[in-house]
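Structure first, then comments.
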Amino acid sequence: MEYVGRYQLDAVTQRKNEEIIGNDPAIRKVLQDIDKIAPFEAPVIITGESGTGKELAARIIHQRSKRSKGPFIAVNCGALPANLIQSELFGYRRGAFTGASQDKIGRIEAANQGTILLDEIGDLPLEQQVNLLRFLQEGTIDPVGTRESIPVNVRVIAATHVDLQAAVRKGRLREDLYYRLTVLHLTMPPLRERPADIEPLANYFLSKFAKEKGGRARAFSKPALQIMNGYSWPGNVRELINRVRRAVIMSDTPLITPADLGLDRRTGEREIKTLIQIRAEAERLAIRKSLGMSRNNVSEAARNLGISRIYLYRLMQKHGLMAKEGTELSLN
């Protein structure tokens, strides 16, 4: 049985070969975007918090593409030692360095005629970003230990949980590489933004693990369902899977309790925000975004927001968004 991280490839789904479970509007939007993205050859960037299923989405894009019969190779850029990244991605020739007793095909070449997922692309060192950019521009790779350029036909999907635009501004990601990778963009929503899917996901994995483990648990108790629906799930779907797996093992009765899940009333209480709080957060987010787009030019940001400069200045004071020490705001 082949597994994708913690997901089975043959999972019960809404559509044929679909591995993403759920019917919340947020996840339906993801599935619609995947349908649009999959047929094209352009690079894709998948963003989202850890545990939201970015690799799973990448595999679905591959499965629905013209490359579905080719290989799908996933590489976690953040997990590779810095001194091995180049040889892992591009391969090497015998004698290229001490211990290179034979030729080795790199991950990119191994994905020829298929798809490569560069997970946690934001963690790729700058010196390796140059080599990756050359591959994206020219469609060739240069294995370590040779000047021979090898043509490869690979679709690139990148994934990250970090803000790549911020990484560009801080000099951690090349701007030209950013634009090469972000032709198409898919955002995976956190589980807290798809609350209608919590119970269906929990029930699916309960059924799956109960069959595998042979435990006594067969359903969730009412308190367990209440606490799961009120929990914020900071670890997203990955956390839900782990908690359900734990509960199947730990439960001594057919009904899973909050204690079996490792949750209690305090951890399960999701903050209920007032309309005033929600409006304040929306205002703060809109102001920050507009200031960022205008490079802190208050007049331009005010025009973009459709308000006067004076009113924007008051809102900035209200939300504590005035210039901090070492920064400047332009009032032109």
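The values are calculated or read from the model by the stated rules, or taken from the named source; none is laboratory data. Just so we're clear, the structure is a prediction, and the values are computed from it rather than from any experiment. Don't worry about glycine lacking a Cβ; one is built from the backbone with ideal geometry, like all the others, and counts go over all protein chains shown. These area figures cover heavy atoms from the full protein model, side chains too; ligands, DNA and RNA do not enter into them. Shrake-Rupley method; radii C 1.70, N 1.55, O 1.52, S 1.80 Å.
In this structure the range 12-152 gives 48 Å² per residue of accessible area when probed at 1.4 Å with all protein chains present. A simple spin-label model places the labels of Asn203 and Val130 5.6 nm from each other, with each point 7 Å out along Cα-to-Cβ. Most tightly packed first, judged by the mean number of other beta-carbon atoms within 10 Å of their residues, the peptides 148-154, 129-135 read 129-135, 148-154. In order along the range 167-181, phi translates into HN-Hα couplings of 5, 5, 4, 8, x, 8, 9, 5, 5, 5, 5, 4, 6, 5, 7 Hz, rounded to whole numbers, per the Karplus curve 6.51 cos²θ - 1.76 cosθ + 1.60 with θ = phi - 60° and x for Gly and Pro. Is there a pair in Lys36/Lys104; Lys29/Lys208; Lys54/Lys170; Lys66/Lys289; Lys66/Lys104 whose C-alpha atoms are over 29 Å apart, and which pairs would that be? As for pairs spanning more than 29 Å Cα to Cα, those are Lys36/Lys104; Lys66/Lys289.
Residue ranges 117-127, 175-185, 50-60 sort as 50-60, 117-127, 175-185 when ordered by packing (mean number of other C-beta atoms within 10 Å per residue, highest first). Leaving ligands, DNA and RNA out of it, report the carbon-plus-sulfur percent of the accessible area of the range 43-122 at a 1.4 Å probe. Roughly 46 percent of what the probe reaches on the range 43-122 is carbon or sulfur. Just so you know, the Cα atoms of the range 21-145 work out to an Rg and Dmax of 16.3, 55 Å. Heavy-atom surface analysis with a 1.4 Å probe gives the range 171-214 a carbon and sulfur content of 46 percent of its accessible area. Calculated FRET efficiency, Glu239 to Asn304, Cβ-Cβ distance, R0 = 45 Å: about 0.75 to the nearest 0.05. Taking θ as phi - 60° and the Karplus parameters 6.51, -1.76 and 1.60, the scalar couplings of the range 76-88 work out to 8, 4, x, 9, 7, x, 4, 7, 10, 4, 4, 5, 5 Hz in sequence order, x denoting glycine and proline. The simple spin-label model puts a point 7 Å past each Cα toward its Cβ; for Arg295 and Met250 those points are separated by 5.3 nm. When Lys and Arg each count +1 and Asp and Glu each count -1, what net charge do the other residues less than 9 Å away from Ser149, Cβ to Cβ, add up to? Charge balance in the 9 Å sphere: -2. Once the Cα-Cα distance is subtracted from the 0.36 nm per residue extended length, the Phe40 to Asp264 segment shows a gain of 76.0 nm.
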